[in-house]
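Quick notes on the structure that follows.
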């Protein structure tokens, strides 16, 4: 073996290590940096806040991941989540319903929206970005109609002049506010447990079931999957239904945390969830959508935003930083991985 060949192999080996573990090293470095640079970042209270913010973003990002697996993309997740938030609030505060009814209504909304998105994309041949973008705007308008654009809270005046006297069920509020004593007292919110359960479920589904493997096959080569006899249309529609349901779950948890139907509370959900899902491509050099990478991506986004906030970084710089991190992650995923294959 010549010296040049040996050097080339060593270079490729180092590059592969960077691609595989570089992002995890960056995540650890970020935690260490903020622990020293931001007072209180390493405190339990800060950890709770990060976990709470990560949970909602992560659940929505897992839905996006399902659509990415089949070669699609869902821009409507943020509006589905805020619609679920408003719907659950309306059912309890205005209609006087209970927590179970409100939750089931929200899940039904997610299923219906996912089915509509899937049908538009699969049977109407509308590009996924356009179909889900249209659904996003439709839902943003629809969720404002019942209250004429106002947030929902007990005692609010309704458009017909009546007063909303309903209240949020304590059981419903516990979904967003209760914390388990797993490691430290009152540290782990319910929403984090939900995120972990959903992450494990979607990871197992995609990696170890026939349906999950077929979804990857559809995303990598739809024509080949069709020739192999796979019901491609059903898999694609199913992915958008999963995305809609996950977004609804995120909206329910957000409503339970806030205790009101805040119409502006979901403004950043879409961008943060998409960033988490795409950053997940870079985790362990996966170069494909995956549940584990998405969960790590959501954690990274949460840590980054919490650290910047505690360092008093101007709010208008946070989107720029998120964008820069996303670009770096995608470079890790695609540019360097392509060079490593050569």
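Among the conditions (1) in contact with a helix residue (DSSP H, G or I) (Cβ under 7 Å, 6 or more places away or on another chain); (2) at pLDDT 90 or above; (3) in a loop (DSSP other than H, G, I, E, B), the only one that residue 184 does not satisfy is (2). Of the residues screened, residue 294 is not one that is in contact with a helix residue (DSSP H, G or I) (Cβ under 6 Å, 6 or more places away or on another chain), modelled with pLDDT under 75 and part of a helix (DSSP H, G or I). For segment 37-55, what are the residues that are surrounded by fewer than 17 Cβ atoms within 10 Å (Cβ to Cβ) and either in contact with a strand residue (DSSP E or B) (Cβ under 7 Å, 6 or more places away or on another chain) or over 28 Å from residue 180 (Cα atoms) (or both)? Of everything in segment 37-55, just one residue is surrounded by fewer than 17 Cβ atoms within 10 Å (Cβ to Cβ) and either in contact with a strand residue (DSSP E or B) (Cβ under 7 Å, 6 or more places away or on another chain) or over 28 Å from residue 180 (Cα atoms) (or both), namely 37. Candidates are the residues of segment 281-329 that are touching a residue at least 40 places away in the same chain (Cβ under 8 Å) and more than 21 Å from residue 64 (Cα to Cα); the one that is farthest from the chain's Cα centre (by Cα) is 311. Here is the figure for segment 22-36: residues that are buried (at least 17 other Cβ atoms within 10 Å of the Cβ), within 19 Å of residue 281 (Cα to Cα) and more than 21 Å from the chain's Cα centre (by Cα) total 1.
Looking across 142, 157, one residue alone is in contact with a strand residue (DSSP E or B) (Cβ under 8 Å, 6 or more places away or on another chain), at pLDDT below 95, more than 19 Å from residue 63 (Cα to Cα) and surrounded by fewer than 16 Cβ atoms within 10 Å (Cβ to Cβ). It is 157. Just one of the listed residues (40, 22, 72) is touching a helix residue (DSSP H, G or I) at 6+ places or on another chain (Cβ under 9 Å) and modelled with pLDDT of 90 or more, namely 72.
Taken residue by residue, segment 116-126 has at least one member that is assigned to a helix (DSSP H, G or I), out of contact with any helix residue (DSSP H, G or I) (no Cβ under 6 Å at 6 or more places or on another chain) and free of Cβ contacts under 8 Å to residues at least 60 places away in the same chain. Going by what's in this entry, would residue 77 be described as modelled with pLDDT of 90 or more and either closer than 19 Å to residue 236 by Cα or buried (at least 18 other Cβ atoms within 10 Å of the Cβ) (or both)? Considered against the rule, which asks whether it is modelled with pLDDT of 90 or more and either closer than 19 Å to residue 236 by Cα or buried (at least 18 other Cβ atoms within 10 Å of the Cβ) (or both), residue 77 comes out as yes. Being assigned to a helix (DSSP H, G or I), over 27 Å from residue 93 (Cβ atoms), modelled with pLDDT under 90 and over 17 Å from the mean Cα position of the chain (by Cα): is that true of residue 225 here? So residue 225 fits the description; yes.
Residues that are surrounded by fewer than 20 Cβ atoms within 10 Å (Cβ to Cβ) and in contact (Cβ under 8 Å) with a residue 40 or more places away in the chain within segment 95-115 comprise 95, 96, 97, 98, 107, 111, 112, 115, listed in sequence order.
The values are calculated or read from the model by the stated rules, or taken from the named source; none is laboratory data. What you are looking at is a predicted structure, and each value in this text was computed from that prediction instead of being measured. Backbone-built Cβ (ideal geometry, glycine too); neighbour counts: all protein chains shown.
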